[in-house]
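The values are calculated or read from the model by the stated rules, or taken from the named source; none is laboratory data. This one's a predicted model, so the numbers in the text were calculated from it and none came from an experiment. Virtual Cβ from ideal backbone geometry, glycine too; neighbours counted across all protein chains shown.
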Amino acid sequence: MTYLMQIFWGSVVLGTCSLVHLVILVWSVDLVKRLNDLTQKHRNSLRWGIMFGLAFGMVVLAHTIQVWIWASSFMYLGVFTELADAIYFSLVTYTTVGYGDVTAGDGFRIYAAMAAVTGLLNFGLSTAFLVGLFSKLMPDYS
């Protein structure tokens, strides 16, 4: 794949992953609000734990889906023949750990690096989401 095609398709997958991430975070806000209303009778610490547990779980779900999207794209493009290798590579690249024991071929290095960019952007978004949620709800529980 040419450099421009790697950048183009990497950007498409990055955009798709970010859209999935945003949709899940917006959905999480709605679920947390509903859960807050349903748990009004419970102790504050229990309510707090349930709401943040749900929000954290949704963040993990969003990242997991994105790793699967990248792994699927690597399989589709023939970068890997084994699903386990594609998932492993996607996970260590997305999280920017990058062990280097499994690598993409020469024609896919830029494309694979876009998975790391996706992870960086969406981990930042997740952090902002969770900090915003904590700061919004914590004053109610002090």
*So is G105 surrounded by fewer than 15 Cβ atoms within 10 Å (Cβ to Cβ) and at pLDDT below 95 or not?*
yes
*Could you tell me whether any residue of region 66-78 is in a loop (DSSP other than H, G, I, E, B) and touching a Phe, Trp or Tyr at 6+ places or on another chain (Cβ under 8 Å)?*
yes
*Candidates T103, T127, filtered to the one that is in a loop (DSSP other than H, G, I, E, B) and among the hydroxyl-bearing types (S, T, Y)*: T103
*So G98 clears everything in (1) surrounded by fewer than 21 Cβ atoms within 10 Å (Cβ to Cβ); (2) at negative phi except one condition, right? Which one?*
(2)
_Criterion first (surrounded by 12 or more Cβ atoms within 10 Å (Cβ to Cβ), of a type in the set (K, R) and more than 22 Å from A86 (Cβ to Cβ)) does R43 satisfy it?_
no
*Name the residues in region 3-37 that are small (G, A, S) and surrounded by 13 or more Cβ atoms within 10 Å (Cβ to Cβ), would you?*
G10, S11, S18, S28
*asked:* So in region 79-89, with the set limited to residues that are part of a helix (DSSP H, G or I), surrounded by 15 or more Cβ atoms within 10 Å (Cβ to Cβ) and not aromatic (F, W, Y), which one is farthest from the chain's Cα centre (by Cα)?
replied: D85
*Please enumerate the residues belonging to region 34-93 that are touching a residue at least 12 places away in the same chain (Cβ under 8 Å), within 25 Å of I7 (Cα to Cα) and of a type in the set (G, A, S).*
A62, A71, S72, S73, A86, S90
*Filter result (in contact (Cβ under 8 Å) with a residue 12 or more places away in the chain and hydroxyl-bearing (S, T, Y)) within region 101-131*: T103, Y111, T118, S126
*asked:* Looking at the structure I just gave you, is I50 surrounded by 12 or more Cβ atoms within 10 Å (Cβ to Cβ), of a type in the set (V, I, T) and at pLDDT 95 or above?
replied: no
